[in-house]
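Any read-out appearing in this document is the output of simple, stated calculations on the displayed coordinates, not a laboratory observation. Keep in mind the model is a prediction, meaning the values are calculated, not measured. Cβ atoms come from the backbone with ideal geometry, glycine included; neighbour counts cover every protein chain shown.
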Amino acid sequence: MQLPEYIINKANKKMEDEKVEGFVLGNGNPEADIMIVGEAPGEKEAVVGVPFIGRAGDELDKQFAYLGIKREDVYITSVVRSRPYKWVDTTKKGSGGRRKANRKPNQREIAAHAPILDYQINEISPRLIIALGGVALERLAGKQYKISEVLGELIEGPVYQWENNEYVLSEKQYAVFPLYHPAAVFYNPVIKKDIYHSLDKLKEYLNL
Ligand code: URA
């Protein structure tokens with residue numbers, strides 16, 4: 001999907017002072033009924049420019065296989081397009097004593113890239129938006145939603161869009177389905193049961 005250059009330029013200009021790298025626009029079928037919204041690219045995605053091709057992507061592919069859907073059936077995008085990083089100390093040889101680690105995007109970064117996600121949502125007009133993780137859920141449905149509380153429960157209503165320097169609710173109604181971010185299982189393996197339970201609910205909703 002092409003985006004007007006002025007939207008990308010403006011978004012990236014607002015990002016200039018942030019510690020981010022790379023740019024990933026999105027990937028998949030722009031005519032899809034289902035849109036998947038992640039958080040932000042990781043290291044590999046930022047280099048290659050394709051979403052979910054690293055470790056989290058392998059986990060996402062497993063979940064797709066469980067659901068019986070293919071990447072070509074959906075459009076995959078994210079809240080922030082560039083990889084937010086922080087410097088951390090390391091003793092690894094040849095590293096110079098530090099390396100870049102992923103971090104969660106901050107609110108400035110989320111707002112800077114909000115018009116890109118808004119544009120894609122408006123263009124694709126998906127029947128279902130799958131929010132992968134708390135950052136995507138709160139960006140779309142609002143901060144009153146906590147992912148652990150609404151996991152696997154369909155949220156129907158407007159979504160937040162960035163207009164004239166603030167978030168406003170869309171006129172159009174959407175269906176947002178919250179799932180844990182696929183990387184969450186690496187940090188907290190006990191949630192695997194909850195993840196598959198929420199995937200079962202998604203299967204039911206999609207009639208798969
Ligand atoms: N996490 C995301 O949200 N998107 C990616 O592309 C990779 C990891």
Pick from the range 131-185 the residues that are within 16 Å of the ligand (Cβ to nearest atom), surrounded by fewer than 22 Cβ atoms within 10 Å (Cβ to Cβ) and among the aliphatic types (A, V, I, L, M): which of them is nearest to residue 39 (Cα to Cα)?
135
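Working carefully through the options 22, 54, 38, 28, find the one that is free of Cβ contacts under 8 Å to residues at least 60 places away in the same chain and within 22 Å of residue 115 (Cβ to Cβ).
Values: 22 fails: free of Cβ contacts under 8 Å to residues at least 60 places away in the same chain; 54 fails: within 22 Å of residue 115 (Cβ to Cβ); 38 fails: free of Cβ contacts under 8 Å to residues at least 60 places away in the same chain.
Going through 22, 54, 38, 28 in turn, the sole match is 28.
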Residue match in the range 84-98 (condition: crowded, with 21+ Cβ neighbours inside 10 Å and either within 16 Å of the ligand (Cβ to nearest atom) or over 18 Å from residue 162 (Cβ atoms) (or both))
yes
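Would you check if residue 119 is closer than 27 Å to residue 69 by Cα, aromatic (Phe, Trp, Tyr), over 15 Å from the mean Cα position of the chain (by Cα) and surrounded by fewer than 18 Cβ atoms within 10 Å (Cβ to Cβ)? Step through it out loud before you land on a result.
On the way: closer than 27 Å to residue 69 by Cα: yes; aromatic (Phe, Trp, Tyr): yes; over 15 Å from the mean Cα position of the chain (by Cα): no; surrounded by fewer than 18 Cβ atoms within 10 Å (Cβ to Cβ): yes.
Spelling it out, it is not the case that residue 119 is closer than 27 Å to residue 69 by Cα, aromatic (Phe, Trp, Tyr), over 15 Å from the mean Cα position of the chain (by Cα) and surrounded by fewer than 18 Cβ atoms within 10 Å (Cβ to Cβ).
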Is it fair to say residue 59 is within 19 Å of residue 30 (Cβ to Cβ), in contact (Cβ under 8 Å) with a residue 12 or more places away in the chain and not hydrophobic (A, V, I, L, M, F, W, C)?
no
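Is at least one residue of the range 170-186 of a type in the set (Ser, Thr, Tyr) and assigned to a loop (DSSP other than H, G, I, E, B)?
Yes, the range 170-186 contains at least one residue that is of a type in the set (Ser, Thr, Tyr) and assigned to a loop (DSSP other than H, G, I, E, B).
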For the condition under 17 Å from residue 51 (Cβ atoms) and aromatic (Phe, Trp, Tyr), what is the one hit in 119, 167, 160?
119
Exactly one of these conditions fails for residue 69: (1) touching a residue at least 60 places away in the same chain (Cβ under 8 Å); (2) within 13 Å of the ligand (Cβ to nearest atom); (3) buried (at least 17 other Cβ atoms within 10 Å of the Cβ); (4) on the phi < 0 side of the Ramachandran plot. Give me its number.
(2)
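Restricting attention to the range 67-92, which residues are of a type in the set (A, V, I, L, M, F, W, C) and under 23 Å from residue 136 (Cα atoms)? Show your work before the answer.
We begin by selecting, within the range 67-92, every residue of a type in the set (A, V, I, L, M, F, W, C); these are 67, 69, 74, 76, 79-80, 87-88.
Those that are of a type in the set (A, V, I, L, M, F, W, C) and under 23 Å from residue 136 (Cα atoms): 67, 69, 74, 76, 79, 80.
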Which of the residues spanning the range 24-49 are over 12 Å from residue 81 (Cβ atoms), within 11 Å of the ligand (Cβ to nearest atom) and over 13 Å from the mean Cα position of the chain (by Cα)?
43, 44, 48
Hits in the range 23-58 (condition: buried (at least 18 other Cβ atoms within 10 Å of the Cβ) and charged (D, E, K, R))
39, 45
